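Input: a single structure, listed below in structure tokens.
The values are calculated or read from the model by the stated rules, or taken from the named source; none is laboratory data. Bear in mind that the values here come from a model prediction, so they are computed numbers and not experimental data. Note that we place each Cβ from the backbone using ideal geometry, even for glycine, and neighbour counts take in every protein chain shown. Side chains are part of the model used for accessible areas, which takes the heavy atoms of the whole protein and leaves out ligands, DNA and RNA. Shrake-Rupley method; radii C 1.70, N 1.55, O 1.52, S 1.80 Å.
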Amino acid sequence: MLDPQLLRNKIDSVAVALSKRNMTLAINEIQKLEKKRKAIQVETEELQSLRNAHSKEIGLLKSKGADATPIMEKVAAIKMQLDKSATRLTAMQEKLNEILAAIPNIPHDSVPSGKTADDNETVRIWGEPKQFDFMASDHVDLGESLGLIDFETAAKISSSRFVVMRGGIAHLHRALIQFMLDTHIQEHGYLEINVPYLVNADSCFGTGQLPKFAEDLFHVQAQGLYLIPTAEVPVTNMVRDVILNDNELPKKYVCHSPCFRSEAGAYGKDTRGMIRQHQFEKVEMVQLVKPETSYTVLEALTRHAENILQKLKLPYRVVNLCGGDLGFSAAKTYDIEVWLPGQNKYREISSCSNFEAFQARRMKARWRNPATNKPELLHTLNGSGLAVGRTLIAVMENYQDENGNIIVPEVLRPYMNNQRFISRQ
């Protein structure tokens with residue numbers, strides 16, 4: 001959430017900044033509501049002051065043994081007016097808060113202008129796409145020909161956009177998770193954490209999924225809980241309503257979890273295979289840091305995700321998302337896109353974002369600055385390290401041979417009993 005003071009005092013500057021997202025801020029509507037709110041607040045404060053003055057007068061009259069009834073009647077009438085005014089003020093503030101909650105984060109100055117993913121800025125490219133001397137298959141054909149990926153059975157027991165994995169592919173999927181966790185813990189200094197997969201509405205609001213993206217969530221209405229769309233939600237919300245000490249920062253967490261998304265806004269998109277599913281798994285990195293360090297941390301966190309792909313020897317590129325492609329809560333995002341031979345294109349496998357104080361303000365997540373001894377908002381960051389299913393796809397397609405087998409990447413073999421190939425069982 002943006003600082004409300006920005007909308008009160010610098011709304012024109014906010015509008016200019018948000019135009020990079022191709023968003024037009026409703027300046028007139030917000031200013032009219034703010035003007036009404038301010039007038040009601042002044043009225044409320046004046047009534048409170050008048051009530052307090054009369055209350056003191058009642059005390060003086062009673063101390064002298066005088067009749068305070070007329071003044072008490074005035075106070076009662078003022079209280080009725082005050083209650084009405086306070087109710088109007090609360091309603092007006094709630095209306096402004098609803099508008100504020102729907103306004104996305106202000107893009108960082110280094111975010112390029114643009115409307116779609118085609119306008120994203122390539123930052124760097126690592127590795128060369130492999131040239132096969134046979135027609136490369138996609139992961140669907142590879143997995144089904146091996147008898148180890150089954151979409152038909154998944155649809156029977158659930159619905160479309162689910163998958164059943166068997167044998168070597170299921171093992172490879174599990175190996176990737178363990179490899180990612182070990183790398184982030186042992187080499188990058190993250191603390192492994194395990195969290196609930198069902199969270200409350202306050203948690204979804206804190207990281208920006210609610211209210212704007214309610215249709216993308218799976219809602220368990222009877223309990224008032226939501227299946228997590230990413231481990232970012234429960235992990236980041238651990239510091240909701242918390243004030244951390246200076247020596248507790250930075251917090252670096254890594255978490256493996258399933259993720260659940262309705263894909264309501266992606267109807268008809270990526271319907272083939274495992275690219276876009278209702279249930280998938282990720283290894284998520286979350287960092288909670290002091291504001292002055294957050295952009296240095298963003299670069300480091302992105303490199304941590306890249307390190308996984310480099311160890312797997314998978315070609316990829318890093319792109320700086322343009323304003324029109326930037327997520328709701330992010331001030332800046334790097335997408336890492338891995339090369340998929342079966343599609344002959346780069347596809348997103350990780351998003352690494354700095355949210356600055358946007359999420360922290362919604363969560364009231366703070367740290368105590370020793371220079372002032374006052375609480376200040378944290379900066380929050382996260383990134384996929386990596387999306388497991390998409391990494392599995394990338395390994396299958398980049399490590400296929402002419403016989404339709406999958407060569408197990410060398411770095412994963414210790415996690416697979418030194419198995420070298422995945423073939424039809």
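Taken over the stretch 83-109, the criterion of being β-branched (V, I, T) and open to solvent by less than 70 Å² (accessible area, probe 1.4 Å) is satisfied by I99, I103, I106. Out of all the residues in the stretch 330-350, is one or more open to solvent by 10 Å² or more (accessible area, probe 1.4 Å), touching a Phe, Trp or Tyr at 6+ places or on another chain (Cβ under 9 Å), within 30 Å of E248 (Cα to Cα) and small (G, A, S)? Taking every residue of the stretch 330-350 in turn, none turns out to be open to solvent by 10 Å² or more (accessible area, probe 1.4 Å), touching a Phe, Trp or Tyr at 6+ places or on another chain (Cβ under 9 Å), within 30 Å of E248 (Cα to Cα) and small (G, A, S).
State whether the residues of the stretch 110-131 include one that is open to solvent by less than 50 Å² (accessible area, probe 1.4 Å), in a helix (DSSP H, G or I) and touching a Lys or Arg at 6+ places or on another chain (Cβ under 9 Å).
no
For the stretch 354-381, the tally of residues that are open to solvent by 10 Å² or more (accessible area, probe 1.4 Å) and part of a strand (DSSP E or B) stands at 8. Considering the stretch 272-308, the residues that are small (G, A, S) and at pLDDT 95 or above include one that is nearest to A371 (Cα to Cα), namely S294.
Tell me which residues, restricted to the stretch 108-131, are in contact with a Pro (Cβ under 7 Å, 6 or more places away or on another chain) and under 15 Å from Q343 (Cα atoms). P129, K130 - these are the residues of the stretch 108-131 that are in contact with a Pro (Cβ under 7 Å, 6 or more places away or on another chain) and under 15 Å from Q343 (Cα atoms).
Of all residue pairs spaced 6 or more apart or on separate chains, those with beta-carbon atoms under 8 Å, a first member in the stretch 263-281 that is open to solvent by less than 50 Å² (accessible area, probe 1.4 Å) and of a type outside the set (A, V, I, L, M) and a second member that is modelled with pLDDT under 75 and not in a loop (DSSP other than H, G, I, E, B) are R276/A266. Taken as a whole, the condition of being surrounded by fewer than 24 Cβ atoms within 10 Å (Cβ to Cβ), of a type in the set (S, T, N, Q), under 17 Å from V239 (Cα atoms) and touching a strand residue (DSSP E or B) at 6+ places or on another chain (Cβ under 8 Å) does not apply to N405.
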